[in-house]
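As structure tokens, the structure follows; a few thoughts come after it.
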């Protein structure tokens, strides 16, 4: 955490036209935390029980969810008639087991950026397609109390790529989503954020197939500063 003096000096030195976002809305898996490899491992273990060799290419299809699309794809790979609700329950059990026995850590630069955002008193929300049960497991290792709001896959009727999660997150913070910056890593999440009307800072975990003037991409959050969230960076590039 930065000292009060440093924060005040940063504010003084900010350009006059610097525009802070009304809130910063963070995706969890693959963006803030290194959990994508754990999801992959849980998928491997689940599909192995059906005699299926699960590859990284399979995992890439599933990155970002939503759960209904993932289970539909898994059923197709299994090649049998399986109740998607039952398979979804089995998948969640597999994820919970993997998360419980493995260390969860921050992605490079993620904790530092989050600290900077909160130090500048910008509201934050964690917006994830993961269930409340998974988020609870994460919270055993990672302090999530810093977030002003947490929206899980259980909290919305329509998960990413629909706009509902980010609309609900902005609403819970009492801000307009069009004045928010979303930090995402997947096509599913980017689409959700753009459909909601937010600005997007994308840190791709795999190739992003979306192009939009409200989206900027960076390779990593390492060295990302509060000034990199200046709304003017998006609006200037559009003009």
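What whole number of Å gives the distance from the Cα centroid of region 121-167 to the Cα centroid of region 45-91?
23
Among DSSP beta bridges lying fully in the chain, give the percent that are antiparallel, nearest 5.
5
Quick one: grab the alpha carbon gyration tensor of region 101-227, order the square roots of its eigenvalues as a ≥ b ≥ c, and give me rounded if a/c is under 1.5, else prolate or oblate depending on whether a/b is larger than b/c.
Judged from the Cα gyration tensor, region 101-227 comes out rounded (a/c under 1.5).
What order do you get for 124, 31, 55 when you list them from fewest to most C-beta neighbours inside 10 Å?
55, 124, 31
How do 172, 130, 192 rank when sorted from fewest to most other Cβ atoms within 10 Å of their own Cβ?
Lowest to highest Cβ neighbour count: 172, 130, 192.
For a test of the definition: using alpha carbon positions, the gyration tensor, and the 1.5 limit on a/c, classify the chain as rounded, prolate or oblate.
prolate
Per residue of the chain, what 222 nm ellipticity follows from adding -39500 (n - 2.57) for every DSSP H run with n ≥ 4, rounded to the nearest 500?
Calculated from helices alone, the mean residue ellipticity at 222 nm is -13500 deg cm²/dmol.
Starting with the fewest neighbours, write out 157, 43 ranked by other beta-carbon atoms found within 10 Å of each beta-carbon.
Ascending Cβ contact count within 10 Å gives the list 157, 43.
Set the Förster radius R0 to 25 Å, insert the Cβ-Cβ distance between residue 236 and residue 209 as r into 1/(1 + (r/R0)^6), and round the FRET efficiency to 0.05.
Between residue 236 and residue 209 the formula returns 0.50.
Comparing 27, 185, 115, which has the greatest mean-square fluctuation in the GNM of the chain with Cα pairs linked when under 10 Å apart?
115
Suppose R0 equals 41 Å. What FRET efficiency, 1/(1 + (r/R0)^6) with r the Cβ-Cβ distance, do residue 56 and residue 148 give to the nearest 0.05?
0.70
Under 1.5 on a/c is rounded, so check that first for region 179-236, then, if it is not, pick prolate when a/b is larger than b/c and oblate when it is not; a ≥ b ≥ c are the square roots of the alpha carbon gyration tensor eigenvalues.
oblate
Let's test this: bin the Cα-Cα distances of region 36-101 at 10 Å from zero up to the farthest pair and state each bin's percent.
22, 63, 15, 0
Readers should treat all values here as calculations from the given coordinates under stated rules, not as data from a laboratory. None of the values given here were measured: they were computed from a predicted structure. So basically every Cβ, Gly included, is an ideal-geometry build from the backbone, and we count neighbours across all protein chains shown.
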